[in-house]
1. Just counting partner chain Cβ atoms within 10 Å, what average do the residues of peptide A:229-242 show around their Cβ?
2. Copy-to-copy spacing for B:Glu65, label 7 Å out on the Cα-to-C-beta vector, in nm, shortest first?
3. Assuming 0.890 mPa s and 25 °C, estimate D for segment B:169-269 with Stokes-Einstein, Rh taken as the Kirkwood radius over Cα pairs, in µm²/s.
4. Using only Cα atoms, what is the ratio of the radius of gyration of segment B:4-55 to 2.2 N^0.38 Å?
5. Take peptide B:19-30, look around each residue's Cβ out to 10 angstrom, count Cβ atoms belonging to other protein chains, and average those counts.
6. Report the Stokes-Einstein translational diffusion coefficient (µm² s⁻¹, integer) for segment B:82-121, Rh taken as the Kirkwood radius over Cα pairs, at 20 °C with viscosity 1.002 mPa s.
7. Would you list B:Thr389, A:Thr378 from fewest to most Cβ contacts within 10 Å?
8. If amide hydrogens are placed 1.01 Å from N in the peptide plane, which non-local residues have theirs closer than 5 Å to the one on A:Gly55?
Protein chains: 2
Amino acid sequence: MTASEIRALFAVASRPEVVSLAGGMPYLSALPLDVVGATIGNMINERGAVALQYGSGQGDPQLREQILDVMAPHQIEAHPDEIVVTTGSQQALDLVTRIFVDPGDVVVAEAPSYVGALGVFSSYQAEIAHVPLDDDGLIPEALDETLTALRRAGRRVKLLYTVPNYHNPAGVTLSAARRPRILEIAERHDVLIVEDDPYGLLGFDGDPLPALRASSSEHVIYLGSFSKTFSPGVRVGWAVAPHAVREKLVLASEAAILCPSAFSQLTVSTYLETHDWKHQVGLFREMYRERRDAMIEGLEECIPQARRTHPQGGFYVWVTLPEGLDSKAMLPRAVTERVAYVPGTAFYADGQGRRHMRLSYCYPTPSRIREGIRRLATVVNAELELQETFDSRPGARPGGPGPRAGVQSPGPEIT
Amino acid sequence: MTASEIRALFAVASRPEVVSLAGGMPYLSALPLDVVGATIGNMINERGAVALQYGSGQGDPQLREQILDVMAPHQIEAHPDEIVVTTGSQQALDLVTRIFVDPGDVVVAEAPSYVGALGVFSSYQAEIAHVPLDDDGLIPEALDETLTALRRAGRRVKLLYTVPNYHNPAGVTLSAARRPRILEIAERHDVLIVEDDPYGLLGFDGDPLPALRASSSEHVIYLGSFSKTFSPGVRVGWAVAPHAVREKLVLASEAAILCPSAFSQLTVSTYLETHDWKHQVGLFREMYRERRDAMIEGLEECIPQARRTHPQGGFYVWVTLPEGLDSKAMLPRAVTERVAYVPGTAFYADGQGRRHMRLSYCYPTPSRIREGIRRLATVVNAELELQETFDSRPGARPGGPGPRAGVQSPGPEIT
C-alpha cells in the first residue's frame, strides 16, 4: 500500500457515510469556539503588531513560562530557557533527528511505533530497530538485549524513541515500575531518550505517572504538544532538552523555518491565560473516556475473537486479529462496508503488523463508534468464513505474509 | 562575529533609544488590526473546528486558489495543484535543499545573498559559489563562466538561488533584458532555479517584471510569501514547483511538520477574501517608498563618500563604505552611537563583505531613518579620521582582512 493508495483510502474514508476509526483528530467541537474566537480577535486588536510579526527562534518567553505549568502534572521541573517551541512536536522530532542521526545510524523504537516518527527516521536514512511492548509498555529486558546486540554488532544507536503514556498506536502505558529501569538501561548504553508525550494529560484516572524527564534532565529530550489538549491547527509543540542540545535545536529550527509562528504562540498563550484550560482538559478526558468505553464494549460484544488493549487514556485501541487475517488486505472491504481504520503495518518499519489494526475513538460519537465496530465485525466475520472455506482447500489459502512494507508517509490524516 | 555575538548586538539594537536599520520586519501597524482582529475572531467562531484542526500536507485548497491571484501580477500561470503551502518560504527553501542537495554539492547564489538561504545551504553541507551582481541584478556572463568552470572542475551544481526583485540585501532588481538570458544559461547547464520572491509586490513603480517562473514551469521553483505583504507572524509561504518536485516537497513537509498550520492558512485566506488586500499592498508601497526616499536623501547628504544602491522596491539599501573601512569592526561603535545595521559579511559564505552594510528602511519612520543615518555618518566620519591618523603612521594600520567568516545563523531578526 503506497502513500498515494493510503491517501485515496482516506479520501474515501472522509465521506460522511463512512465511520472513520482511522484518524487521530481531536474532537474540537468540544471547545467553546465562540469564546475562543472573541478572545483571539481581541488579542489581534490589542497585540497584533507583535502577534503578526517575526518572533524569536526559541519561542515566545511567556508561552515557555506557561508550558512549565502544563508540564507540572508530569513532575517535570525545568527552566523556560530549556524549552524550544516548535511547529508541532513533529518538527521537534525532525530537528532532533537531523541533529543526531547520520545515515546508517540506528534508532530504537517500540514495536509498534507512531507512524510519523518512523517517517522522520526513515527520511534521515536511519535504521529502525523495533523493541516489543506489552500491556505495561516497552519491555526493559527486550530493550537491554537489543541494545547489547546492536553494540556487539558495532552499530551506532543514537536515539531511543518512546511514547510512554497512552501509546500511539498501542494504547498502553509504561508502568511506574518500568520507568526507572528503562532510564537505567538507556543511560548504561549511552543512548539518548526521546520521550514523546502528546497524550499525557488525557489520562482517564487522574494525573499521569512521572515523566522519564522528571528523573533525568541529561539523558532525555521531552516532546510536548498542544495538538491533543487544545488545537492541532495552531501547530504548537515543544521540546525540553539538555542545554547543549537546546542550542543546536534553536539553530536548526532557525535554518528550517526562521521562527515558530508568533501568531499561533500568542493564540495558545492567550488561551492558556484567559481560559480554564485545566477544566477543558477535564472535559476532554470525560468525553474520550466515554468513547473509549463505547469502543471496548463494542469490541467485546461484536468481535470477541480479537485481542485488544485497554487504554487508560489517549485516543487508540490496538487490535490483534485472529491468526490468518490480514488487516491491510481487508481494508478496502472495510471501506466498502463504510468503516475505516489504520492497518498495523503502518506502525512498523519492517513489514510486521498485518494481524493488527489501530482503532481511534477520539473523533466519532459513541453511537457512531458502536456502529463502526458492528460494521467492522461484519467484515471480520466474512473474512473468517472465507478463511475457513479456503482452509478446507489446501494450497489455495489467500493472504499470508506480503512483501516487506517499508515506511510510508500516509499524510497528516493518521497522526 | 559569532551567532551569539550577533544575538547580543540585536538585543542591544532593540532598545528604544537605538535606531535599528538592521531588521527586515514589515511595519505592521499600517494594517487595520482592529478590523483584522474582528474578522479572525469571527472566522474562529464560525469555522474553528476546521481552522484549529489538522489540515492537508500540501495546504488548504482555497488558499492555493487565492495564491494564484496573488501571483497574477508576476504573470505566473499555474494550477493550484502545483502549489505547496509552507511554514514561511524559509521552510520551502529548507525542503527544496533537503530534496536536491547532498553534502559537497554546489549551490550557486548571488554575491551577496539572503543570509537565511546561506544558512540553509550550509546546514546541508552544500558549497556555495557566489556570482556577482550589479545594478541590473545577477550578471549573466559571470553566471555562465562560473557554471562552466564548476562543470569543468567536475562539481555537481544542484541549484541557482536568486532573488530577482528588490534583492535582499542588495536592493537591486534583475532587469527585463537579463531574465531570459539567466533562464537560458541555467537550462543549458541543467541547473534548477530557485526564484525567491518575497518582495515582488512591493515595487514602487507599479507591477513587477514577469517572474522567471512565468517563462519556465520546468526549470524554476518559485517561492512566495505573505510575510512582507501581510504578516510574517502567521508563517505562511509557498512553493510553485514542477509536478515531480511538488510530490517530493509534500512528502518532505509531512515528515518535517505533518502539515502547515490550518489556523494560519485560514487566517490568510479570510484576510484575502474579506479585505481589499491589493489596496493594502498599495499603502505599504507608498509607505516604504517614503522611507526609502528618507534613507537615500540622508545617505546623499550625510555619507556622500559611500556608494549605495537605489532600490525600486522592497526593504533594503546596500552600502559600500570607502576603502579601508570595516562594517563588522565598526558595528559595536555604531551601536554605541545608537544606530544598528547588518554588516555585509553576513551575506557571503566566504568572508567577503567587510566594506558593505545592509540598511533597512522598512520599520523606522522617515524621521527616525534620517536620525539613524546622521548617527551612522558620525561613526563613519570618526572611522575615516582614525584611518587618516593611522595611515600617516606606516605599519600601524588597524583592520584589514579578518579570518574567513563562514556562515552564521543570526536568527530571525535579520530576515
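Rule-based calculations on the coordinates, nothing more; no lab input. Here the structure is a predicted model, which means the values were calculated and not measured. Methodologically, a virtual Cβ is constructed for each residue, glycine included, from the backbone with ideal geometry; neighbour enumeration extends over all protein chains shown.
1. 4
2. Output for B:Glu65: 4.4 nm, nearest copy listed first.
3. 160 µm²/s
4. That ratio works out to 1.82.
5. 2
6. Estimated via Stokes-Einstein, D reaches 192 µm²/s.
7. In increasing order of surrounding Cβ atoms, one gets B:Thr389, A:Thr378.
8. A:Ala262
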